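First the structure, in the form of structure tokens, and then the observations on it.
The values are calculated or read from the model by the stated rules, or taken from the named source; none is laboratory data. Keep in mind that what you see is a predicted model, and the values were worked out from it rather than measured. All Cβ positions, even for glycine, are placed from backbone atoms using ideal geometry, and neighbour counts span all protein chains on display.
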Amino acid sequence: MNHQLLMTLDVIVAPPQKIGLVPHGTRATAPITSGTFEGPRLRGTVLPGGGDWTLLRADGVLELDLRLTLQTDDGALIHMTSFGLRHGPQDVIAALGRGETVDPSRYYFRTAPRFETSAPQYAFLNRLLAIALGDRRARGPIYSIFEIL
């Protein structure tokens, strides 16, 4: 499968709103406060107001439902959604929970971003599929997002 780097997305996350045990697992919402993105064809900032709705399932898998608004350096707005999964050995997940930096090869963190924009110069985003590799850091995740060619 051919792919190329679309962008690196660095998201800053506020402390989570812990909703607690719900019928399908443990739910939390992490508000997104800011961030940056940069790639060969676009760069800019993450606007505040997005969030990551997470569900920790009984099998230890964390489902991630990320929703953001990206603003490019030339002022265009891009709506981004991404569904993903994160899991790994218990000691690694515990270290992430303590805010420690862990080599991302030690756990599984993958998402499937989708984009919508009305800006003609970024209309290519409306027509592509992408996969992201995540790296969880104390202040928020860093996603390496690859366009599938």
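Annotations
- Flag if Glu100 is in a loop (DSSP other than H, G, I, E, B), of a type in the set (Asp, Glu) and out of contact with any Phe, Trp or Tyr (no Cβ under 8 Å at 6 or more places or on another chain): yes
For every residue, the table says whether it meets (1) farther than 24 Å from Pro16 by Cβ; (2) surrounded by 14 or more Cβ atoms within 10 Å (Cβ to Cβ); (3) modelled with pLDDT under 95; (4) in contact with a strand residue (DSSP E or B) (Cβ under 8 Å, 6 or more places away or on another chain).
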| site | (1), (2), (3), (4) |
| --- | --- |
| Trp53 | no, yes, no, yes |
| His87 | no, yes, no, yes |
| Leu129 | yes, no, no, yes |
| Glu147 | yes, yes, no, yes |
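- Inter-residue pairs, beta-carbon under 7 Å, first β-branched (Val, Ile, Thr) and in the stretch 75-98, second part of a loop (DSSP other than H, G, I, E, B), 6+ apart: Val92/Val102; Val92/Tyr107; Ile93/Tyr107
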